[in-house]
Amino acid sequence: RLDSPPTGTPVSSEELSKHTTLQSRIWVAINGDVYDLTDFLSLHPGGAKIIMHYAGKNASKIFNKYHAKDFFAKFLTPESYVGPLIDELDEEPDITESGDAEERKRMMENKPPLSDMFNLSDFEYVAKQILPPNAWAYYSSAADDEISLRENHYAYHRIFFHPKVLVDVSEIDISTEFLGEKVDAPFYCSAAAQARLGNEDGELSIARGCGDENIIQMISSQASFSFDEITDAKPDGANQWFQLYVLPDREKAYDAIKACEKKDIKGIFVTVDTALLGRREKDLRHRVFSTGDGDDNEVTAFVAENDPIMAFKDPILTWKDIQKFKEATDIPIAIKGVQRLEDVLIAIDNGVSAVVLSNHGGRQLDFARSPVEILAEVMPVLRERGLDKKIEVYVDGGISRGSDVIKALCLGAKGVGLGRAFLYANSAYGEDGVKKAIQLLKSEMYLDMKLLGVSKIEDLTPDLLDLRNLYARPHLNDYLYNQTYEPLQSPKFREP
Ligand code: 173
């Protein structure tokens, strides 16, 4: 059951089945309770259509796959609780399920042992084979032509090293501090929604794996387990951050901040790049579902509505809100999704503790620049103005090697976040996979620091990098366009 108000009017399944239109209101049964989701339709990140599909029915199966039991408290108003369902009603099938489950099970049983994982891309490869198609589509997709997704990754390849020689590198220490907390390596698990799509234990096994390796887990606002379940899953002494999506109902944000205080969260990362969800077409194509009127040929895609009110996040979130959040708590407030120097300067003026230079893993505005490129622009200005100690600057997106982490740190980042890498490691191997992924990244860093002639994090400096090609962005293939483009023809010779 969800954490809902205790009272309400009992509802029969017959009564429930009458509420399938906007006029009669949209009622849905979830885990034995009935909710009026009419006002929530336009706020649902997965679109209104899927809710309409389950109107008047028992949606528990699909709901429980995507949402946690604190969903009611986090996203709905008390008025949306109708009451308990008084009779048994079969759960409707989950219409997002697709692909060959038997084949996936076989692949899962025969997957390579963890000892065969040599780098983070190996986890991605295995995850791609074993994930249900909808989960792979959701995790891997990015906005539009996925230019930013790929640019995030490739940008690191345009930076080379200037290693030092003949320095004592007998002891390497890659530990550092994030917002005042000791961490064993300068990277963290960034927030990503719906970890349970790929693994039954979802965010819980990520919490355990990160905690054991003393790496911070940033908990998603859209996690598939409740905030309490995830904070309770972390081992003693481990630290967590919280990623906050601010909804039009501001009270929910303050409730979340209070919950963070109770659970000793060490940083609140307000995400500011998501006034509307980006269009991730691989994902949208996979969300095609049967309308179920006995006609399986009729398929509809529930596309992120173009309707301006289809705003999951609040489009009028401003710096004033950030000030208020700061006043409401002693937990450090950070801004996630900053994409220009000017905004870093405003963040400093507003006294925020940290910014994450991020384009949301390429999932929001396509052609947003790669965070590492922005970092290279931002840090020299902060240093020149004596502001570089006033704020912690993090980057996320495109990181897959220890050398990527080192490059970002040389430029002046405090740390880097990885999102998909953790989803993939967790989907394929659970907690052990999460730990192995962290260990691989740590050991890559350890080795690369030795070869770079640097023994501790503070000694990673910009002079160790060759940045000459950083801005020489290569052309990234537009696959969709190229598939249909008909090349121009050269002049033809006459047949002899
Ligand atoms: O990137 C995402 O998919 C994301 O940020 C999100 C937002 C709302 C609900 C689920 C995921």
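The values are calculated or read from the model by the stated rules, or taken from the named source; none is laboratory data. Not measured: the values here are computed from a predicted model. No Cβ is skipped: glycine too gets one built from the backbone with ideal geometry, and neighbour counts run over all protein chains shown.
Just for region 93-114: of the residues that are acidic (Asp, Glu) and closer than 17 Å to residue 54 by Cα, which one is surrounded by the most Cβ atoms within 10 Å (Cβ to Cβ)?
So, considering only residues that are acidic (Asp, Glu) and closer than 17 Å to residue 54 by Cα, the one surrounded by the most Cβ atoms within 10 Å (Cβ to Cβ) is 94.
Does region 343-369 hold any residues that are among the hydrophobic types (A, V, I, L, M, F, W, C), more than 16 Å from the ligand (Cβ to nearest atom) and outside any strand (DSSP E or B), and which are they?
If the condition is that a residue be among the hydrophobic types (A, V, I, L, M, F, W, C), more than 16 Å from the ligand (Cβ to nearest atom) and outside any strand (DSSP E or B), then 344, 345, 346, 347, 348, 352, 367 are the ones that fit.
Does residue 337 count as in contact with a Ser or Thr (Cβ under 6 Å, 6 or more places away or on another chain), of a type outside the set (Asp, Glu) and under 30 Å from residue 47 (Cβ atoms)?
yes
In region 456-491, which residues are under 23 Å from residue 178 (Cβ atoms), surrounded by 14 or more Cβ atoms within 10 Å (Cβ to Cβ) and in contact with a helix residue (DSSP H, G or I) (Cβ under 7 Å, 6 or more places away or on another chain)?
Selection gives 457, 460, 462, 464, 465.
Of all strands (runs of 3 or more DSSP E) completely enclosed by region 143-198, which ones contain at least 1 residues that are within 16 Å of the ligand (Cβ to nearest atom) and either in contact with a helix residue (DSSP H, G or I) (Cβ under 8 Å, 6 or more places away or on another chain) or on the phi > 0 side of the Ramachandran plot (or both)?
Of the strands (runs of 3 or more DSSP E) lying wholly inside region 143-198, those with at least 1 residues that are within 16 Å of the ligand (Cβ to nearest atom) and either in contact with a helix residue (DSSP H, G or I) (Cβ under 8 Å, 6 or more places away or on another chain) or on the phi > 0 side of the Ramachandran plot (or both) span 187-189.
Can you tell me how many residues in region 251-270 are assigned to a helix (DSSP H, G or I) and either touching a strand residue (DSSP E or B) at 6+ places or on another chain (Cβ under 7 Å) or at positive phi (or both)?
Here the count works out to 4.
Quick one: which residue in 417, 398 is part of a loop (DSSP other than H, G, I, E, B) and crowded, with 20+ Cβ neighbours inside 10 Å?
None of the others qualify; the one that does is 398.
Output the residues belonging to region 434-485 that are touching a strand residue (DSSP E or B) at 6+ places or on another chain (Cβ under 6 Å) and without any contact (Cβ under 8 Å) to a residue 12 or more places away in the chain.
Residues satisfying the conditions do not exist here.
Of all residues in region 53-63, count the ones that are farther than 15 Å from residue 27 by Cβ and surrounded by 18 or more Cβ atoms within 10 Å (Cβ to Cβ).
1
I'm told residue 137 meets every condition in (1) over 30 Å from residue 330 (Cβ atoms); (2) outside any loop (DSSP other than H, G, I, E, B); (3) more than 16 Å from the ligand (Cβ to nearest atom) except one. Can you identify the failing condition by its number?
Going through (1) over 30 Å from residue 330 (Cβ atoms); (2) outside any loop (DSSP other than H, G, I, E, B); (3) more than 16 Å from the ligand (Cβ to nearest atom) one by one, residue 137 breaks only (3).
Are any of the residues in region 214-222 under 18 Å from residue 265 (Cα atoms), away from the ligand (no atom under 16 Å from the Cβ) and surrounded by fewer than 18 Cβ atoms within 10 Å (Cβ to Cβ)?
yes
So which of 70, 33, 90 ends up being surrounded by 17 or more Cβ atoms within 10 Å (Cβ to Cβ) and out of contact with any Pro (no Cβ under 7 Å at 6 or more places or on another chain)?
None of the others qualify; the one that does is 70.
When you scan region 470-496, how many residues do you find that are under 29 Å from the mean Cα position of the chain (by Cα), in a loop (DSSP other than H, G, I, E, B) and not basic (Lys, Arg)?
Result for region 470-496: 8.
The conditions are (1) in contact with a Lys or Arg (Cβ under 9 Å, 6 or more places away or on another chain); (2) more than 21 Å from residue 74 (Cβ to Cβ); (3) not in a strand (DSSP E or B), and residue 225 fails exactly one of them. Which is it?
(2)
Of all residues in region 232-267, which are in contact with a Leu (Cβ under 7 Å, 6 or more places away or on another chain) and either free of Cβ contacts under 8 Å to residues at least 40 places away in the same chain or away from the ligand (no atom under 16 Å from the Cβ) (or both)?
233, 266, 267
Can you pull out the residues in region 149-199 that are β-branched (Val, Ile, Thr) and over 18 Å from residue 419 (Cβ atoms)?
159, 165, 167, 169, 172, 174, 176
Do we have any residue at all in region 115-123 that's assigned to a helix (DSSP H, G or I), surrounded by 23 or more Cβ atoms within 10 Å (Cβ to Cβ) and of a type in the set (Gly, Ala, Ser)?
no
When region 375-405 is examined, which residues are found to be under 30 Å from residue 145 (Cβ atoms), among the hydrophobic types (A, V, I, L, M, F, W, C) and over 20 Å from the mean Cα position of the chain (by Cα)?
Correct list: 375, 376, 378, 379.
Conditions: (1) within 21 Å of the chain's Cα centre (by Cα); (2) among the small types (Gly, Ala, Ser); (3) farther than 22 Å from residue 370 by Cα. Residue 175 meets all but one. Number of the miss?
(1)
Looking only at region 38-51, count how many residues are crowded, with 18+ Cβ neighbours inside 10 Å and either at pLDDT 95 or above or more than 16 Å from the ligand (Cβ to nearest atom) (or both).
1
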